[in-house]
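Quick notes on the structure that follows.
The values are calculated or read from the model by the stated rules, or taken from the named source; none is laboratory data. This structure is a prediction, so every number in the text was calculated from the model and none was measured. Positions of Cβ are generated from backbone atoms using ideal geometry, with glycine treated the same way; all protein chains shown enter the neighbour counts.
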Amino acid sequence: MRTDPATTAHRAVGPADLAARTRALADAQPPRPQRNPWPERIRSVSKHIGLSALAVLMLYPLIWLLVSSFKPTELIFRDVSIIPTQIDMTNYTEGWNALPHSFGTYMTNSAIIVLGALVGNLIACSMAAYAFARLEFRGRRLWFSIMLMSIMLPIHVLIVPQYVLFSQLGWINTFLPLIVPKLLATDAFFVFLMVQFFRGIPRELDEAARLDGCGHGRIYLRIMLPLATPALATTAIFTFIWTWNDFFSQLIFLTRPDMYTAPVALRTFLDSTGQSSWGPMFAMSIVSIIPVFLAFLFGQKYLVKGIATTGIK
């Protein structure tokens, strides 16, 4: 029987020959140039230094406010350094009791308004978003477009008709003008945010729930809301921050001193005809910032997750 020489040569190749061929191929290839790590390290260090300097620049006004709250009023603008030479705690005690009511009363008023706005936005905006995202009704696209257009309306356009309406209802100097509109899903931004999130939830979950006998109410409560936790948390955090820091609306609807909120009460420390109480005002500003800081600190994870998982689909 005759054998093929090429086949015999192929079979004769052993592990040693394969290793030799591999080394030969490796030697034939040009050596890879070694990368110098120093430019990358210099670039990384420069980037961190630039970001740190930018962070210090952005935080400097807050640091100066905190340091100035511990300075005597006469030294606040004479000594503008962030290293205090003298610490005085009287600004906090004087600021807490400087107004006709203690500053705790104004903080409580702000907390009541924030709580009402928070509950209203979470309930009303989520229900409106579920309707736009899941229900089929006539004119849905038209009403959704009108809702988006309302985002472009500034509050100064709406404040006059709102004041006339609430004045006729006898709601001036009550918390109702600042809470009741939230129960009607008037914050279109949060409705849009939740609509985009609900659209990302597979409809197969709705169909499976309907096969189990669930209606829209149970689908909304048991499927949509648990899955929309990031969007709800984002809505809650933004509502808390925006409502707590709101000054214009609260100044318009709340004119009695006992109904003032923290931002409006801080304005009363400034006197255009006399001497302003800068030290107590700075101290109470720090006190009023603490709830916002805590809300952002503990809700940062949900805020980032809600923004990252909510896209324009």
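Among the residues that make up region 97-110, is at least one of them more than 29 Å from Phe70 (Cα to Cα) and either touching an Asp or Glu at 6+ places or on another chain (Cβ under 6 Å) or assigned to a helix (DSSP H, G or I) (or both)?
No, region 97-110 contains no residue that is more than 29 Å from Phe70 (Cα to Cα) and either touching an Asp or Glu at 6+ places or on another chain (Cβ under 6 Å) or assigned to a helix (DSSP H, G or I) (or both).
Looking at (1) modelled with pLDDT of 85 or more; (2) loosely packed, with under 11 Cβ neighbours inside 10 Å; (3) of a type in the set (Val, Ile, Thr), find the lone condition where Ile83 falls short.
In the conditions (1) modelled with pLDDT of 85 or more; (2) loosely packed, with under 11 Cβ neighbours inside 10 Å; (3) of a type in the set (Val, Ile, Thr), Ile83 misses (1) alone.
How many residues does region 259-278 hold that are surrounded by fewer than 18 Cβ atoms within 10 Å (Cβ to Cβ) and modelled with pLDDT of 90 or more?
Matching residues across region 259-278 total 0.
Identify the single condition in (1) out of contact with any Ser or Thr (no Cβ under 6 Å at 6 or more places or on another chain); (2) aliphatic (A, V, I, L, M); (3) crowded, with 16+ Cβ neighbours inside 10 Å that Ala188 does not satisfy, given that it satisfies every other one.
All conditions pass for Ala188, except number (1).
A quick yes/no check of all residues on (1) within 26 Å of the chain's Cα centre (by Cα); (2) assigned by TED's automatic domain parsing to the domain that holds Tyr260:
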site: Ser81; (1), (2): no, no
site: Leu115; (1), (2): yes, yes
site: Ala129; (1), (2): yes, yes
site: Leu135; (1), (2): no, yes
site: Phe144; (1), (2): yes, yes
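Could you identify the single residue in Asn91, Asn97 that is within 19 Å of Phe269 (Cα to Cα) and either small (Gly, Ala, Ser) or in contact (Cβ under 8 Å) with a residue 24 or more places away in the chain (or both)?
Asn91
Could you check, for region 89-101, whether at least one of its residues is of a type in the set (Val, Ile, Thr) and modelled with pLDDT of 85 or more?
yes
Residue by residue, here is whether (1) closer than 22 Å to Gly116 by Cβ; (2) among the polar types (S, T, N, Q); (3) touching a residue at least 60 places away in the same chain (Cβ under 8 Å); (4) surrounded by fewer than 17 Cβ atoms within 10 Å (Cβ to Cβ) holds:
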| site | (1), (2), (3), (4) |
| --- | --- |
| Pro202 | no, no, no, yes |
| Gly215 | no, no, no, yes |
| Ile219 | no, no, yes, no |
| Thr229 | yes, yes, yes, yes |
| Thr234 | yes, yes, yes, no |
| Phe240 | yes, no, yes, no |
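From Ser167, Ser150, which residue is of a type in the set (Ser, Thr, Tyr) and either touching a helix residue (DSSP H, G or I) at 6+ places or on another chain (Cβ under 9 Å) or closer than 25 Å to Arg218 by Cα (or both)?
Being of a type in the set (Ser, Thr, Tyr) and either touching a helix residue (DSSP H, G or I) at 6+ places or on another chain (Cβ under 9 Å) or closer than 25 Å to Arg218 by Cα (or both) holds for just one of Ser167, Ser150, which is Ser150.
Sort through Leu54, Leu99, Leu65, Leu75 and tell me the only one that's surrounded by 10 or more Cβ atoms within 10 Å (Cβ to Cβ), in contact with a Pro (Cβ under 8 Å, 6 or more places away or on another chain) and not assigned by TED's automatic domain parsing to the domain that holds Thr235.
Of the residues listed, the single one that is surrounded by 10 or more Cβ atoms within 10 Å (Cβ to Cβ), in contact with a Pro (Cβ under 8 Å, 6 or more places away or on another chain) and not assigned by TED's automatic domain parsing to the domain that holds Thr235 is Leu99.
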